[in-house]
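I have placed the structure first, in the form of structure tokens, so that the comments after it can refer back to it.
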Amino acid sequence: MRASRFVSTALMAVGTASFVLSFSSASASAASASQGVTASQILIGTSGPLTGPIAAYGAVSEGANAYFQYVNDHGGINGRKIKLVMLDDQYQPDLGVANARKLVADKVFATVSLLGTSVVEAMKPILLKAGIPMTGVATGSSQLTFPANPNVWGFEPSYTLEGHLLLSWAVHHRGIKTIGVLYQNDDFGREGLAALQQEAKTDGVRILATASYNPTDTDFSTQAQTLAVANPQAIFEFSVPEPTAQFMKDLQQLGYSGQQYVSDVSGDPVFMFALAGAAFNNVYTDAYMPALSATASQAFVSEWKQLYPNQPVSQTAESGWVEAQILAHAIALCGNDLTWSNLRVQMDNIRHWRGALTIGPVTYTKTFHAGTNEIQMVQANASTLTMNPVSGLLHYHEVKSSLK
Amino acid sequence: MFWQTLVDGLAVGSLYAVTAIGLVLIYKTSNVVNFAQGEMAMFSTFIAYQAFTHWAWPYWAAVLAASAFALVLGWAVYWLFLSRLSRAPLLSQIIATLALFLLFRGVAGAIWGNQPFSFPTAVQPTVVRFGPTLILSTQIITFAACLLLMALAYALFRYTRVGLAMQAISQNMFAARLMGVSVGRVYGFSWALSTLLGAVAGMLIAPTLFLSPTFMEGVAIRAFAAAVVGGFASLPGAAVGGLLFGVLESLFGFYISPAFKTTFVSLVIIAVLYVRPGGLFGPRTVKKV
């Protein structure tokens, strides 16, 4: 425990690139290892929407792949190279199930960046039955991480925490008293709505109107009208990028001039400015990773451009990179005892780690598997096409106190 | 607010209508239901996107190029695939269009990528006010373009020699052939025209739905429903079906529940078919005893 803390602190100081190098020189004589691990290689699996309706999110698996390439180019971890099995599930739970079986048959050591609440829920029983640890699941659904499952680690801020935090900040820092809500008619949207309703009660905020949509809808003007007619001071949106962008354009045409707050699901400036244009200007969201223009992001940006030159550099891809960083860190901490039980111990021992490309440190405990503790409020700026920070670090577990 | 909802419904409904007319056109002449209709429209729209964004052509040149491409594409699809299957059972021909659906989606994804792109509008969207009702200039253009296309398709079918030939083939292919109608040419023509209609709908709806290999999916499904409710063999039926679908979705979504608007409209369609199995404009089947 103490030793691993020390290692973790040391890593924090030297940074990611050098720790990979320093470990790569260590001998790889395997003391003990679980499936998917040989003296020269570690097999990791992932599945994501590489094609299909939300293929823009396929960038998450590719971001993870980019980080593993980066690690391999710098010598691997403890002399072992990482091989990532990337499968395509098109955001469909049934294909996810088939991919889960394939990953079990391939005997992967762990998974990373599995994406989408319903897909991950479908894959979970199969992977867990085989004992395969699921790290960095790319969904903010709190049902996956609360209460903590010993073999599942999340990373993105949960929609519940997002809902509480966005509204609480809007109330205390932007004087918001009345709101409207647009939400996707599924677990994702409803979790956000429930959090907003609860926070509204606490803060004495009135919800003037709510409107939901289905992901397959082709027209969002009725939702825009419902909310524009109610004319709240701010509209909160728990929705995926394309409908959100369309909704924002409709709102703009209807002349709505209040504030807008979106879940970070639709907070990627690269995608949102391309789709919604000026209608995305001044929109607030929360961020858990530094902007792509930040110095810290440059290792990711250059690796991505090299590996995927035809695809936009996005925060979506950056999130896969971060999830891979955390898994790689835990694997490095395992040393030569690369077993499932040791990986669980090392994951749960990650405390206040600043080696990943995140705004706040990364923390897991036996009972807390959500990963990020801190986020920052950011606001879209149409002239620079970036999200600019408008708050300091906000702590999840003490939302109120940090805001007051 | 009622008028606003109605206007929004008509605007989106007219796009369903044009896509539905494309479906009906092919069905009327060859009895084939073209499942690839939406994907062929998507592919043609990508051609306009390519010309406009990557080759920096003016908007109208890009639209014309994509329209010409659509005509060629429809013709080529007929000659390369459907004409080879003309002796195969009808079901095989329909399954072939399903294969084309997957082909176009896959190829578009490989060429342009699977993320959504923004697509330009014909004119800068400006708001026209009629009292409390807001109408967008783009909505007016969409609606007018769709009305024009519907009228042209109807006139063509009704008053031209090609239209007459199409009618003759759909009634009796062998007799038509004996009368000197070139069946292959007429089929090819109807495929080309139908693809053009789809492409125009695609280019009109891409600014709102954003262009991606899957963006026509929702529209194509609603166009199918619209065609069915209109009787599948009737051009005015498809037009009315499309407008009806758009307006009902919009009204139900605003006044009752946006989450269940599509479900509700689907229920209405089932109810219509229950009462009139041939659709609103379809033939009344009378059984002689």
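Percent of Cα pairs in the stretch A:255-404 per distance bin of 5 Å, from zero to the largest separation: 2, 9, 16, 18, 17, 15, 11, 6, 3, 1, 0, 0, 0. In a Debye calculation with equal point scatterers on the alpha-carbon sites of the protein assembly as shown and no solvent, what is log10 I(q)/I(0) at q = 0.10 Å⁻¹? At q = 0.10 Å⁻¹ the computed log10 ratios are -0.98. The equivalent ellipsoid that matches the C-alpha gyration tensor of chain A spans semi-axes of 37, 21, 20 angstrom, in descending order.
Highest GNM mean-square fluctuation among A:Gly75, A:Gly63, A:Gly140, for chain A modelled with Cα contacts below 10 Å: A:Gly75.
With the Kirkwood sum run over all distinct C-alpha pairs, chain B has a hydrodynamic radius of 19.5 Å.
Taking amide H atoms as placed 1.01 Å from N in the peptide plane, the amide H of A:Phe236 lies under 5 Å from those of A:Gly180, A:Val181, A:Leu182, A:Tyr261, each 5 or more residues away in sequence or on another chain. Couplings 3J(HN,Hα) of the stretch B:201-207, computed from phi: 4, x, 5, 6, 8, 4, x Hz, in residue order, whole Hz [Karplus 6.51 cos²θ - 1.76 cosθ + 1.60, θ = phi - 60°; x for Gly and Pro].
Once you wrap a convex hull around the alpha carbon atoms of the stretch B:54-174, what is its projected area averaged over all directions, in nm²?
Numbers: hull surface 47.6 nm².
Its average projected convex-hull area is 11.9 nm².
Based on the Kirkwood approach, the hydrodynamic radius assigned to the stretch A:27-111 is 13.6 Å, with every pair of different Cα atoms included. The Cβ shell under 11 Å around B:Ala165 holds other residues with a net charge of +3, Lys and Arg each +1, Asp and Glu each -1.
Averaging the Cα positions of each part gives two centres, and for the stretch B:17-76 and the stretch B:192-233 these lie 10 Å apart. Close amide H partners of A:Thr386, meaning residues 5 or more places away or on another chain with modelled amide H under 5 Å apart, are A:Asn381.
Rg and Dmax, both from the Cα atoms of the stretch A:73-113 and both in Å, are 12.8, 37.
A Gaussian network model of chain B, with springs between Cα atoms under 10 Å, assigns the largest mean-square fluctuation among B:Phe117, B:Phe130, B:Phe157 to B:Phe130. Heavy-atom accessible area for B:Leu248, with the other protein chains in place and a 1.4 Å probe, reaches approximately 50 Å². Start at zero, step by 10 Å, and the Cα-Cα distances of the stretch A:260-316 spread as 21, 49, 28, 2 percent across the bins.
Of the heavy-atom accessible surface of chain A (probe 1.4 angstrom), what whole percent is carbon and sulfur? Answer for chain A is 54 percent, counting heavy atoms of protein chains only. Of the candidates A:Ser239, A:Ser319, A:Ser383, which one comes out as most mobile in a Gaussian network treatment of chain A with C-alpha springs shorter than 10 Å? It is A:Ser383.
Note down the net charge around A:Tyr67, summing +1 for each Lys or Arg and -1 for each Asp or Glu among other residues with Cβ under 9 Å from its Cβ. Write out the running numbers ahead of the final one.
Numbers: positive: none; negative: A:Glu303, A:Glu323.
Result for the local shell: -2.
Structure note, pairs A:Lys81/A:Lys305; A:Lys102/A:Lys249; A:Lys177/A:Lys249; A:Lys305/B:Lys261: Cα-Cα distances above 32 angstrom occur for A:Lys102/A:Lys249; A:Lys305/B:Lys261. In angstrom, the C-alpha Rg and Dmax of the stretch B:169-260 are 17.4, 56.
The values are calculated or read from the model by the stated rules, or taken from the named source; none is laboratory data. Treat the numbers as computed from the prediction; the structure is a model and nothing was measured. Here the Cβ is made from the backbone with ideal geometry for all residues, glycine too, and neighbour counts use every protein chain on show. Surface areas here come from the heavy atoms of the whole protein model, side chains and all, with no ligands, DNA or RNA. Shrake-Rupley method; radii C 1.70, N 1.55, O 1.52, S 1.80 Å.
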